[in-house]
Amino acid sequence: MVVTFEVTDEEHGEWAVLRVSGELDLLTSPVLRQRVHDVVAEGRHSLVLDLSEVWFCDSSGVGVLIAARRLLRSCRGGLRLILPARGAADGSHVNKVLGALGVRRLFEIHPDVPSAVDEDSRPLSA
């Protein structure tokens, strides 16, 4: 079985958006970690991670999310996550993993890219 994992990037004003799809696990999380570091190295400190196409996330994936949050906070930036459309409401896999580990409250979670890059939008409640 071939595991498909992809990270694509876009820009929305001051926000860099990394769209992640596939499994975020021990094999693929280093790829995302490197992409986050690349964005920061380019001087972009406002980052949206679109996880709406991630259908599996293990603890190493969560570790990358926490490390990304720490990195962006250290350079006075911001990190916002997008979970699947109904994910924040009915518990996508990523949402369940973040909740089970007690770290969901650390992240600003939005339903879609327009909401995440809008300075006036409110994040979804934890």
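The values are calculated or read from the model by the stated rules, or taken from the named source; none is laboratory data. In this text the structure is predicted, and so the values were computed from the model without any measurement. Neighbour counts run over all protein chains shown; Cβ positions are idealised from the backbone, glycine included. Only protein heavy atoms, including side chains, enter the accessible area calculation; ligands, DNA and RNA are left aside. Shrake-Rupley method; radii C 1.70, N 1.55, O 1.52, S 1.80 Å.
Net charge around Ser60, counting only other residues with Cβ within less than 12 Å of its Cβ (Lys, Arg = +1; Asp, Glu = -1)?
Charge balance in the 12 Å sphere: -2.
What residues qualify as long-range amide H neighbours of Ser46, i.e. H under 5 Å apart, gap of 5 or more or another chain, H built at 1.01 Å from N?
When sequence neighbours closer than 5 places are left aside, the close amide H contacts are Ala16, Gly78.
Tell me, what is the per residue accessible area of the chain in Å², probe radius 1.4 Å?
Ligands and nucleic acids excluded, the figure is 53 Å² per residue.
Considering the Cα positions of segment 40-82, please state its Rg to one decimal place and its Dmax as a whole number of Å.
When restricted to the Cα atoms of segment 40-82, Rg and Dmax are 10.9, 30 Å.
Scan (1) -0.80, -1.43; (2) -0.84, -1.29; (3) -0.93, -1.15 for the value of log10 I(q)/I(0) by the Debye sum over Cα atoms at q = 0.17, 0.22 Å⁻¹ calculated from this model and give just the label.
The value matching this structure is (1).
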